[in-house]
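Student: Before we start, here is the structure in question, set down as structure tokens.
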Amino acid sequence: MPRPLELARTVAVITGAGSGIGRATAHSLARRGSRVVVTDIDRARAASVAGEIGDRAVALGCDVTRATDLEQARDAALEHFGQVDLVMNNVGVLAVGPLEAIPLDAWQRVVDINLMSVVRSNLVFVPHLVAQGSGHIVNTASTAGLLPYGFDRLPYTTTKHAIVGLSQALALYLAPRGVGVSCLCPAGVMTNIVEQITFFGEPAPPAGPSFPIEAAETLGELVADGVSTGRFLITTAPEVQAELQALGADMDAYLHHLMGEGSP
């Protein structure tokens, strides 16, 4: 069974670490003694974050739609630091708008980047972690992957639900092999993800619960705490638990509540 990962002297590979949650997590892990491979499709941003951390970090350009780039990230960790202990899959894009306005190629892009990047990462890193009998994987999903409110960004919501399910099953698969899994499901976070949003049609009105917006630095600490304590589900708002309980208790009632037909 996996043990909580003691972060001192570990080596972490983080995708999408040039800004936002990835950058904040890189800093949090480094403060606790990890060495970090900072990867991002924007190599200049990755290099900037690695420079902030210092000699405990190296930077690498990484396009998560290409398995060869993920292999290079793994190899860079082994070459520079001699090991890989923690992998954080943290890249996401959004297509926003009414369902009928979002074209198929936009769906394909979101699925390829958000979901298939995790599949590629698993194929690259899981054999190494299993062979050494230890390690940890963090997959960034969203509260939109736990609760059914994200119809205004349906491709994103679909992929984040898939990542939650993938992470749950992966945790069961890897636990007997000594490898832990965490699923990060943030609500509102102050990041530059707006750069990764493509809009289609007229904006749909939001629905569902409202959660507080957190600083990315808060999430970095939550991830580091979650990994070091072996926590699977990492959320940013305590209100999420109540919503999950209501959803689990009666899904029909919860959906009717979101439709404006009463309380869950």
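The values are calculated or read from the model by the stated rules, or taken from the named source; none is laboratory data. This one's a predicted model, so the numbers in the text were calculated from it and none came from an experiment. With ideal geometry, Cβ positions are generated from the backbone for all residues, glycine too; neighbour counts draw on all protein chains shown. Heads up: the accessible areas ignore ligands, DNA and RNA and are worked out on the full protein's heavy atoms, side chains in. Shrake-Rupley method; radii C 1.70, N 1.55, O 1.52, S 1.80 Å.
To keep it simple, each residue is scored yes or no on (1) at pLDDT 95 or above; (2) within 30 Å of Gln245 (Cβ to Cβ).
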residue	(1), (2)
Gly61	yes, no
Phe81	yes, no
Val118	yes, yes
His128	yes, no
Gly150	no, yes
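Student: Out of everything in region 187-222 that is more than 18 Å from the chain's Cα centre (by Cα) and modelled with pLDDT under 70, what residue ends up being most open to solvent (accessible area, probe 1.4 Å)?
Tutor: Once the filter is applied, the top-ranked residue is Pro206.
Student: From (1) touching a residue at least 40 places away in the same chain (Cβ under 8 Å); (2) farther than 22 Å from Arg177 by Cβ, pick out the condition that doesn't hold for Ala73.
Tutor: It fails just one condition, (2).
Student: State all residues of region 171-180 that are open to solvent by less than 60 Å² (accessible area, probe 1.4 Å) and over 11 Å from Leu129 (Cβ atoms); if no residue qualifies, say none. Step through it out loud before you land on a result.
Tutor: Filtering region 171-180 down to residues open to solvent by less than 60 Å² (accessible area, probe 1.4 Å) leaves 171, 174-175, 178-180.
Selection gives Ala171, Ala175.
Student: Taking the condition of being in a helix (DSSP H, G or I) and either in contact with a Pro (Cβ under 9 Å, 6 or more places away or on another chain) or crowded, with 22+ Cβ neighbours inside 10 Å (or both), how many residues in region 29-38 meet it? Spell out how you get there, then give the answer.
Tutor: Here is the first cut: in region 29-38, the ones in a helix (DSSP H, G or I) are 29-31.
Filter again for either in contact with a Pro (Cβ under 9 Å, 6 or more places away or on another chain) or crowded, with 22+ Cβ neighbours inside 10 Å (or both), leaving 29-30.
Number satisfying all stated conditions: 2.
Student: Name the one entry in Leu129, Leu94 that is under 30 Å from Asp55 (Cβ atoms) and either in contact (Cβ under 8 Å) with a residue 24 or more places away in the chain or of a type in the set (Val, Ile, Thr) (or both). Spell out the reasoning first.
Tutor: On the way: Leu94 fails: under 30 Å from Asp55 (Cβ atoms).
Answer to the check: Leu129.
Student: Can you name every one of the strands (runs of 3 or more DSSP E) wholly within region 66-167 that holds 2 or more residues which are open to solvent by less than 10 Å² (accessible area, probe 1.4 Å)? Step through it out loud before you land on a result.
Tutor: On the way: elements: 86-89, 94-96, 135-140.
Because the criterion is at least 2 residues that are open to solvent by less than 10 Å² (accessible area, probe 1.4 Å), the strands (runs of 3 or more DSSP E) in region 66-167 that meet it are 86-89, 135-140.
Student: When both residues are 6+ apart or on different chains and their Cβ atoms are under 7 Å apart, which pairs have a first residue that lies in region 250-264 and is farther than 14 Å from Phe151 by Cβ, and a second that is surrounded by 13 or more Cβ atoms within 10 Å (Cβ to Cβ) and modelled with pLDDT under 85?
Tutor: Final answer for the pair search is Asp250/Pro264; Ala253/Pro264; Tyr254/Pro264; His257/Pro264.
Student: Those residues that are without any contact (Cβ under 8 Å) to a residue 12 or more places away in the chain and open to solvent by 70 Å² or more (accessible area, probe 1.4 Å), I need them from region 45-65; list them, please.
Tutor: Selection gives Asp55 alone.
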